[in-house]
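Participant: This is the structure I want to talk about, given as structure tokens.
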Amino acid sequence: MRSLSLRPGVAMAVYAHPDDADVAAGGVMALWASQGCEMHLVVVCDGSKGAHGSKTTPERMREVRRDELELAADLLGVRRVHRLEVPDGDVSNSAELRARLVGLIRAWRPEVILAPDPTATFFGGVYVNHRDHRETGWALLDAAAPAAAMPLYFPEQGSAHQVSRLLLSGTHEPDVAIDVSAAIDVKVKAVLAHHSQTGDDAQGVSDVVRGRASQAGRALGLAFAEAFRSVELAG
Ligand SMILES: [Zn+2]
């Protein structure tokens, strides 16, 4: 693990559910936005099935989660949220999804993309990584490398753009950590903005978010960090 410090002019985060980016990379997003980075957030799913109880409807969940997403994105300083509105559970690494991602990459031309590592399936013998996370990760990898950079892929989606680096979260093989000590308070607030997911125990959620970030930074002597698998793409 090594410490990584970047100051991208344009960056994009591509995640499945409305709260995923905040949990995975909210510190980095807030940090970069505060440094003047044009931060884009792509949310693939509509959030319509993100409830464990049955006292709600998909329509209601979609509405609630859209409002929570807007609040969280404002807190982080995200320039623009792009919602693809795929129903929860229905994401697949299809040509259609890749075309939409390639179109967004070519339109906004990010230097760095934050996204889920799709190779991580099981965590600690107690958690299966959500299918939407894995499919979003695979679709993003295929869209960024090589499709967006090669003009004959999806020629109707704009002119080719080479992304310089991918930072993949939720990974079993992290090799870089970014110091987010200056942004940890904003990250906690953004995660808590997704009240339908976090419930009423704000202190407990804050402790978990800070605890994970503290753990990620410990080996490098950082108070709070977010860890990623870094992939540098040749231009
Ligand atoms: Zn999720």
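The values are calculated or read from the model by the stated rules, or taken from the named source; none is laboratory data. These numbers were taken from a predicted model, which means no experiment stands behind them. Cβ coordinates were reconstructed from backbone atoms using ideal geometry, including for glycine residues, and neighbour counts include every protein chain displayed. What goes into the accessible areas is simple: the full protein's heavy atoms, side chains included, and nothing from ligands, DNA or RNA. Shrake-Rupley method; radii C 1.70, N 1.55, O 1.52, S 1.80 Å.
Participant: Which residue is farthest from Ala190 (Cα to Cα), if the candidates are limited to the range 31-42 and must be more than 16 Å from the ligand (Cβ to nearest atom) and in contact with a helix residue (DSSP H, G or I) (Cβ under 8 Å, 6 or more places away or on another chain)? Give the derivation first.
Facilitator: Kept after step one, since they are more than 16 Å from the ligand (Cβ to nearest atom), are these residues of the range 31-42: 31-40.
Applying the additional criterion that residues be in contact with a helix residue (DSSP H, G or I) (Cβ under 8 Å, 6 or more places away or on another chain) yields 31, 33-34, 38-40.
Numbers: Leu31: 13, Ala33: 14, Ser34: 14, Glu38: 18, Met39: 15, His40: 15 Å.
Restricting to residues being more than 16 Å from the ligand (Cβ to nearest atom) and in contact with a helix residue (DSSP H, G or I) (Cβ under 8 Å, 6 or more places away or on another chain), the top hit is Glu38.
Participant: If I filter the range 92-100 for residues that are out of contact with any Lys or Arg (no Cβ under 6 Å at 6 or more places or on another chain) and closer than 22 Å to Glu70 by Cβ, do I get at least one hit?
Facilitator: Going residue by residue through the range 92-100, those that are out of contact with any Lys or Arg (no Cβ under 6 Å at 6 or more places or on another chain) are 92-100.
Next, only the ones that are closer than 22 Å to Glu70 by Cβ stay: 100.
Yes - at least one qualifying residue is present in the range 92-100.
Participant: Look at Ser34 and say whether it is of a type in the set (Gly, Ala, Ser), surrounded by 20 or more Cβ atoms within 10 Å (Cβ to Cβ) and touching a residue at least 12 places away in the same chain (Cβ under 8 Å). Walk me through it before giving the result.
Facilitator: Numbers: of a type in the set (Gly, Ala, Ser): yes; surrounded by 20 or more Cβ atoms within 10 Å (Cβ to Cβ): no; touching a residue at least 12 places away in the same chain (Cβ under 8 Å): yes.
Against the criterion (of a type in the set (Gly, Ala, Ser), surrounded by 20 or more Cβ atoms within 10 Å (Cβ to Cβ) and touching a residue at least 12 places away in the same chain (Cβ under 8 Å)), Ser34 does not qualify.
So that you can scan it fast, the table gives a plain yes or no per residue for (1) within 14 Å of the ligand (Cβ to nearest atom); (2) touching an Asp or Glu at 6+ places or on another chain (Cβ under 9 Å):
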{"residue": "Val44", "(1), (2)": "yes, yes"}
{"residue": "His52", "(1), (2)": "yes, no"}
{"residue": "Thr56", "(1), (2)": "no, no"}
{"residue": "Arg60", "(1), (2)": "no, no"}
{"residue": "Arg66", "(1), (2)": "no, yes"}
{"residue": "Leu75", "(1), (2)": "no, yes"}
{"residue": "Arg80", "(1), (2)": "no, yes"}
{"residue": "Val91", "(1), (2)": "yes, yes"}
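Participant: Within the range 72-101, can you find the residues that are farther than 18 Å from Glu38 by Cα and buried (at least 21 other Cβ atoms within 10 Å of the Cβ)? Don't jump to the end; show me each part of the working.
Facilitator: First, pick out the residues of the range 72-101 that are farther than 18 Å from Glu38 by Cα: 84-100.
Scanning the range 72-101 gives Val86, Asp88, Val91, Leu97, Arg98.
Participant: Show the residue pairs that are 6+ apart or on different chains and have beta-carbon atoms under 6 Å apart, the first residue being within the range 165-192 and without any contact (Cβ under 8 Å) to a residue 60 or more places away in the chain, the second being assigned to a loop (DSSP other than H, G, I, E, B) and among the charged types (D, E, K, R).
Facilitator: Final answer for the pair search is Thr171/Asp117.
Participant: Here's a follow-up. In the range 105-119, how many residues are basic (Lys, Arg) and touching a helix residue (DSSP H, G or I) at 6+ places or on another chain (Cβ under 6 Å)? Let's see the steps before the verdict.
Facilitator: So the first thing to find is which residues in the range 105-119 are basic (Lys, Arg), and the list is 106, 109.
Pick out the ones that are also touching a helix residue (DSSP H, G or I) at 6+ places or on another chain (Cβ under 6 Å) and you get 106.
Residues in the range 105-119 being basic (Lys, Arg) and touching a helix residue (DSSP H, G or I) at 6+ places or on another chain (Cβ under 6 Å): 1 in total.
Participant: I've got another one for you. Take the residues of the range 37-63 that are β-branched (Val, Ile, Thr) and open to solvent by less than 10 Å² (accessible area, probe 1.4 Å): which is farthest from the chain's Cα centre (by Cα)? Break it down into steps so the answer makes sense when it comes.
Facilitator: Within the range 37-63, the first condition is being β-branched (Val, Ile, Thr), and the residues that meet it are 42-44, 56-57.
Among the residues that remain, those that are also open to solvent by less than 10 Å² (accessible area, probe 1.4 Å) are: 42-44.
Details: Val42: 8, Val43: 8, Val44: 10 Å.
Of everything passing the filter in the range 37-63, Val44 is farthest from the chain's Cα centre (by Cα).
Participant: Checking Gly137 against (1) more than 18 Å from Ala227 (Cβ to Cβ); (2) in contact (Cβ under 8 Å) with a residue 12 or more places away in the chain; (3) outside any strand (DSSP E or B), only one condition comes out false. Which one?
Facilitator: (1)
Participant: Given the conditions (1) in contact with a helix residue (DSSP H, G or I) (Cβ under 7 Å, 6 or more places away or on another chain); (2) among the aliphatic types (A, V, I, L, M); (3) open to solvent by less than 10 Å² (accessible area, probe 1.4 Å), report the number of the one that Leu69 does not fulfil.
Facilitator: That leaves (1) as the condition not met.
Participant: Next up: So Thr119 clears everything in (1) open to solvent by less than 10 Å² (accessible area, probe 1.4 Å); (2) more than 15 Å from the chain's Cα centre (by Cα) except one condition, right? Which one?
Facilitator: (1)
Participant: Search the range 1-30 for residues being open to solvent by 30 Å² or more (accessible area, probe 1.4 Å) and more than 13 Å from the ligand (Cβ to nearest atom), and hand back the single one that is nearest to Ala143 (Cα to Cα).
Facilitator: Gly9
Participant: Which of the following residues is modelled with pLDDT of 95 or more, hydrophobic (A, V, I, L, M, F, W, C) and over 24 Å from Lys187 (Cβ atoms): Ala95, Ala73?
Facilitator: Working: Ala73 fails: over 24 Å from Lys187 (Cβ atoms).
Matching residue, one of Ala95, Ala73: Ala95.
Participant: What number of residues within the range 124-137 satisfy the criterion of being open to solvent by 50 Å² or more (accessible area, probe 1.4 Å) and within 15 Å of the ligand (Cβ to nearest atom)?
Facilitator: Of the range 124-137, the ones open to solvent by 50 Å² or more (accessible area, probe 1.4 Å) are 124-128, 130-131, 134.
From the residues that got through so far, the ones that are within 15 Å of the ligand (Cβ to nearest atom) too are 127-128, 130-131, 134.
Going through the range 124-137 one residue at a time, the tally reaches 5.
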